[in-house]
């Protein structure tokens, strides 16, 4: 939503005719605002230091304030300025409608783009799932007990836990708490 622009009264403090820019100062402040020759009405006389002006303020690309829509005191409004005043109106409703309407195509394009990317991702995912279903299933062989039954035959705590879980007749859990080889592998630095 764009608000109706506020006009400020001020004075042209500096002007560089060769480069086409200068600085204005608002009557209610002492901050100098950049002003470009393009902010003045076309076809008029060149700007003069010390002349009274009215202007609007906006931020440039770097976020600095600058004067725009400059009018000279007592000069009649151009047709473009009259139109802007009429469109802005007391409530700015026409300007709000114009600015909100300009976002609709961009939103539509973004939605179409997002749905296209989503559809592409879904089809790729679905193709992978179908390919995985078509692949033959590989079942890992069951754990094979090789006859080791004691802690001194194991090489790690995780190996001892695997044997205790999968092989009957293990002699590695003396206190029956489910943790094998508590004195050799499954305590301190080796536990895990």
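The values are calculated or read from the model by the stated rules, or taken from the named source; none is laboratory data. Source: prediction; values computed, not measured. Counting neighbours? That spans all protein chains shown, and the Cβs are built from the backbone with ideal geometry, glycine included.
Odds and ends about this structure:
- Residues of segment 45-62 include none that is part of a loop (DSSP other than H, G, I, E, B) and at pLDDT below 75.
- Among the residues here, residue 101 qualifies as in a helix (DSSP H, G or I), on the phi < 0 side of the Ramachandran plot and at pLDDT below 80.
Conditions tested, residue by residue: (1) at negative phi; (2) modelled with pLDDT of 85 or more; (3) surrounded by fewer than 10 Cβ atoms within 10 Å (Cβ to Cβ); (4) not in a helix (DSSP H, G or I).
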site: 109; (1), (2), (3), (4): yes, yes, no, no
site: 112; (1), (2), (3), (4): yes, yes, no, no
site: 118; (1), (2), (3), (4): yes, yes, no, no
site: 121; (1), (2), (3), (4): yes, yes, no, no
site: 125; (1), (2), (3), (4): yes, yes, no, no
site: 131; (1), (2), (3), (4): yes, yes, yes, no
site: 139; (1), (2), (3), (4): yes, no, yes, yes
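Conditions (1) exposed (fewer than 10 other Cβ atoms within 10 Å of the Cβ); (2) over 14 Å from residue 68 (Cβ atoms); (3) touching a residue at least 40 places away in the same chain (Cβ under 8 Å); (4) in contact with a helix residue (DSSP H, G or I) (Cβ under 8 Å, 6 or more places away or on another chain), marked per residue:
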{"position": "10", "(1), (2), (3), (4)": "no, no, yes, no"}
{"position": "13", "(1), (2), (3), (4)": "no, yes, no, no"}
{"position": "18", "(1), (2), (3), (4)": "yes, yes, no, no"}
{"position": "24", "(1), (2), (3), (4)": "no, no, yes, no"}
{"position": "28", "(1), (2), (3), (4)": "yes, yes, no, no"}
{"position": "32", "(1), (2), (3), (4)": "no, yes, no, no"}
{"position": "51", "(1), (2), (3), (4)": "no, yes, yes, no"}
{"position": "54", "(1), (2), (3), (4)": "no, no, yes, no"}
